[in-house]
């Protein structure tokens, strides 16, 4: 556990992030609140508290904090990307798209942004734009399992099953503990009528998800 200096907002932010990652959401929230008591304009604290509110399924509070983080730090792509990720999770795809595009204006070399952008475009059925974004993510970093997974889901959506399987295979090869990749491939095998392979992948996905 992080040893805190009593007047260090950064220490509370660091510990709060660790607590949130361990699932201790209420304790994390308390640390971010304390960080903001010490420094009411600390944009990192607003962003991290926003993500915690999101995990607590308090979207109104989360959005207010994301907005404040952007107000305090409007030139950092991370603030826009974080709010875009939140919008994507909330299925507000047009809002996510706008924020990912703003993030790209600030940092056009960030693969994370292109992956999020591709996912938002796919949900909006802008398939060509989604493919362009995910290809760009892989051009920037060819070892991104999550980019292969996202592109595989896109290929599955447009019924290019061979390409989808190839991308799911690549995602699993790069990240063999990725439950989502096994689940996506298992569902595709299921749709193709390959029930033995589907059963193996879906069972593997369930096992990984419970570890």
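Each reported figure results from applying straightforward, stated rules to the coordinates on display, with no laboratory input. Computed from a predicted structure; not experimentally measured. Here Cβ is always computed from backbone atoms with ideal geometry, including for glycine, and neighbour counts include all displayed protein chains.
Numbers for the structure displayed
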item: Relative contact order [Cα under 8 Å, 6+ residues apart], the range 1-74, whole percent; result: 25 percent
item: Rel. contact order, % - alpha carbon contacts under 8 angstrom, at least six apart, the chain; result: 9 percent
item: Proxy reagent accessibility, fewest Cβ within 10 Å first, across 97, 174; result: 174, 97
item: Three semi-axes of the equivalent ellipsoid, the chain, Cα gyration tensor, whole Å, largest first; result: 34, 21, 14
item: Additional length obtainable on full extension of the chain from residue 24 to residue 132, 0.36 nm per residue less Cα span; result: 35.1 nm
item: Taking 12, 182 and counting other C-beta atoms within 10 Å, the order from fewest to most; result: 182, 12
item: Calculated FRET value between residue 191 and residue 98, using beta carbons and R₀ = 45 Å, to 0.05; result: 0.85
item: Label-point separation in nm, residue 141 to residue 75, each point 7 Å along Cα→Cβ; result: 2.5 nm
item: Spin-label proximity, residue 56 to the range 63-101 - amide N less than 14 Å from point 7 Å beyond Cα toward beta carbon; result: 63-66
item: Rounded FRET efficiency, nearest 0.05, which uses the C-beta distance separating residue 177 from residue 64 and R0 of 25 Å; result: 0.10
item: Residue 33 paired with residue 7, simple spin-label distance in nm, labels 7 Å along Cα-to-beta-carbon; result: 2.3 nm
item: Additional length obtainable on full extension of the chain from residue 169 to residue 41, 0.36 nm per residue less Cα span; result: 41.6 nm
item: For the range 99-202, fraction of C-alpha pairs farther apart than 20 Å, in %; result: 36 percent
item: The range 1-74 shape via C-alpha gyration tensor axes, a/c threshold 1.5; result: oblate
item: Cβ-Cβ FRET estimate between residue 124 and residue 209, R0 fixed at 22 Å, reported to 0.05; result: 0.20
